[in-house]
Protein chains: 2
Amino acid sequence: MKNYKIVIQYEGTRYNGWQRQGNTSNTIQGKFEDVLSKMAGKTVEINASGRTDAGVHARGQVANFKCAVDMTEDEIAEYLNHYLPKDIAVISIEEMPERFHARLNAKSKTYEYVICAKQKSDVFNRRTQYNIDEMPDIELMKEATKLLIGKHDFKGFSSVGRTKKSTVRTINSIDIEEKAGVITIRINGNGFLYNMVRIISGTLLEIGLRKREISCIEHIFESRDRTLAGDTLPAEGLALIEVLY
Amino acid sequence: MKNYKIVIQYEGTRYNGWQRQGNTSNTIQGKFEDVLSKMAGKTVEINASGRTDAGVHARGQVANFKCAVDMTEDEIAEYLNHYLPKDIAVISIEEMPERFHARLNAKSKTYEYVICAKQKSDVFNRRTQYNIDEMPDIELMKEATKLLIGKHDFKGFSSVGRTKKSTVRTINSIDIEEKAGVITIRINGNGFLYNMVRIISGTLLEIGLRKREISCIEHIFESRDRTLAGDTLPAEGLALIEVLY
């Protein structure tokens, strides 16, 4: 039994997210487990670094699975890419020590939220950008990121309900770049709560559009009150870019 | 009555090409004429610089239409972008002299054919790239382009049947670029016959893959025989990039 780490891409548009749900196979995990189990001749489970929600994309999701097959790593990648749908791809594959676990060993993750602030979004990128009419003030948004970086209780920036689990996370960096009307918010952190990147992006966007003050961030941290933060931006603009171990 | 020139983008994937065909409205022209006629309150016709075939994309198609509406150019563009499907967009609009005609006045056009020579195409670009397994020899392909440039009878590089019309065209330039496994063939010419860019790209690709010799090009010109040229590559890799006047 070998333990394989794979780096994968997917366009999440037509899937109900990563996580397999019962018998519905319209999830990325479902597609992988179907093909892996066919390859190995018995049930194979796959663990990702974390779930992505319905409609969210990945350019560098990481997952691991264990199986015993008489195939080289390249042959496994080729088999998967042959049988997986066209909107899912294996980028690289590597054998790892038995104890490697894609979720438990992840040190940090990088997400990108992409906003297109042109009259009409580029038709070729419309599935991976959130389209808005008005250009926000990028400098205001950058200024606001300073209050978000570091170790905080992000409950107010999440859709997590009542929980006894910790909602404290550390954001290492937030970079905002604007190029020809396309704004990319790049966030690296040690972990993310449910909807956290989309709510942080929504709050930053509303600050940039002068719909709220930068100081709201402190109130959201103090109150832990989701209703004080900005909108959850749509799934299509979000992509998991990289997982670091 | 004013004459408007528009520059447009479309992802051709789900359309039967540019040209309206009878009552089927699943063409780009059909979509435009429906929205324009609604806007003007009477039938409006639109002329493109040329047809694009089913599944072919455009990043800079040019078209013109005449209508009398009490709207600024920006308002017209906004109206069109609001009512057109998401995979069609107006990039710019400009009033022109009455005599301007998008097809008749076009001096040259640039097309790009994009081939992805990686094990699996980038999932995010799969609709706009033709995917192959093996990397062709780019230098051989570049060498071959020298024989294609200039004024020639391109009948053998087209799907044109028997015709009395001239099949002589001039290719001004062919640039081939390879970047991280993605090959772009960029062709500028004064006009193109049916399937000409896709057959030229298919012939160049087969030369790059050493399936045929560079010298075949001369035989195809001399014989005017389509069966001697390479495959017609699939529509998805082709895009009309720019039309010059």
Item to complete: Go through the residues of segment B:128-145 one by one and say whether even a single one is closer than 17 Å to B:GLY237 by Cβ, under 17 Å from the mean Cα position of the chain (by Cα) and not aromatic (Phe, Trp, Tyr).
Response: yes
Fill in: Leading residue by the ranking (nearest to B:HIS57 (Cα to Cα)) among those in segment B:168-206 that are touching a His at 6+ places or on another chain (Cβ under 9 Å) and of a type outside the set (D, E, K, R)
B:ILE171
Response to the item:
Filter segment A:95-126 for residues that are over 22 Å from the mean Cα position of the chain (by Cα) and away from every other protein chain (no Cβ under 14 Å); the one that is least open to solvent (accessible area, probe 1.4 Å) is A:MET96
Discussion item. Looking at (1) closer than 24 Å to A:ALA106 by Cβ; (2) buried (at least 22 other Cβ atoms within 10 Å of the Cβ), which one does A:ASP175 not meet, given that it meets all the others?
Written reply: (2)
Discussion item. Whether any residue in segment B:211-230 is touching a Ser or Thr at 6+ places or on another chain (Cβ under 6 Å), in the same structural domain as B:PHE154 (by TED's automatic domain parsing), under 18 Å from B:ASP53 (Cα atoms) and of a type outside the set (D, E, K, R) is what I want to check.
Written reply: no
Worksheet item: What do you reckon, is A:ILE88 touching a residue at least 60 places away in the same chain (Cβ under 8 Å), over 13 Å from A:ILE8 (Cβ atoms) and either touching a Lys or Arg at 6+ places or on another chain (Cβ under 8 Å) or open to solvent by 20 Å² or more (accessible area, probe 1.4 Å) (or both)?
Response: no
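Here is a yes/no grid of residues against (1) surrounded by fewer than 21 Cβ atoms within 10 Å (Cβ to Cβ); (2) of a type outside the set (Lys, Arg):
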position	(1), (2)
B:LYS2	yes, no
B:GLN9	yes, yes
B:TYR15	no, yes
B:TRP18	no, yes
B:GLN21	yes, yes
B:LYS31	no, no
B:ILE46	no, yes
B:ARG51	yes, no
B:ALA63	no, yes
Worksheet entry | Residues satisfying the stated conditions in segment A:152-172, i.e. in contact with a Leu (Cβ under 8 Å, 6 or more places away or on another chain) and either open to solvent by 80 Å² or more (accessible area, probe 1.4 Å) or not in a loop (DSSP other than H, G, I, E, B) (or both) | A:LYS155, A:GLY156, A:PHE157, A:ARG169, A:ILE171
Practice prompt. Test A:ASP175 against the stated conditions and say whether it is over 20 Å from A:ILE241 (Cα atoms) and of a type in the set (D, E, K, R).
Written response: no
Worksheet, complete the sentence: When (1) at pLDDT 95 or above; (2) assigned by TED's automatic domain parsing to the domain that holds A:ILE207; (3) open to solvent by 20 Å² or more (accessible area, probe 1.4 Å) are applied to A:MET71, the one that fails is (2)
Practice prompt. Assess whether A:ALA58 counts as being under 27 Å from A:TYR111 (Cβ atoms) and touching a Phe, Trp or Tyr at 6+ places or on another chain (Cβ under 7 Å).
Written response: yes
Item to complete: Test each condition in (1) among the polar types (S, T, N, Q); (2) touching a residue at least 40 places away in the same chain (Cβ under 8 Å); (3) open to solvent by less than 30 Å² (accessible area, probe 1.4 Å) for B:ASN81 and report the one that comes out false.
Response: (2)
Worksheet item: Restricting segment B:128-151 to residues that are open to solvent by 50 Å² or more (accessible area, probe 1.4 Å) and within 14 Å of chain A (Cβ to nearest Cβ), which is nearest to A:TYR79 (Cα to Cα)?
Response: B:ASP133
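The values are calculated or read from the model by the stated rules, or taken from the named source; none is laboratory data. None of these values were measured; they are calculated from a predicted model. When we count neighbours, we look across all protein chains shown, and the Cβ atoms used for this are built from the backbone with ideal geometry, even at glycine. Each accessible area value is taken on the protein alone, full model and side chains, heavy atoms only, with ligands, DNA and RNA left out. Shrake-Rupley method; radii C 1.70, N 1.55, O 1.52, S 1.80 Å.
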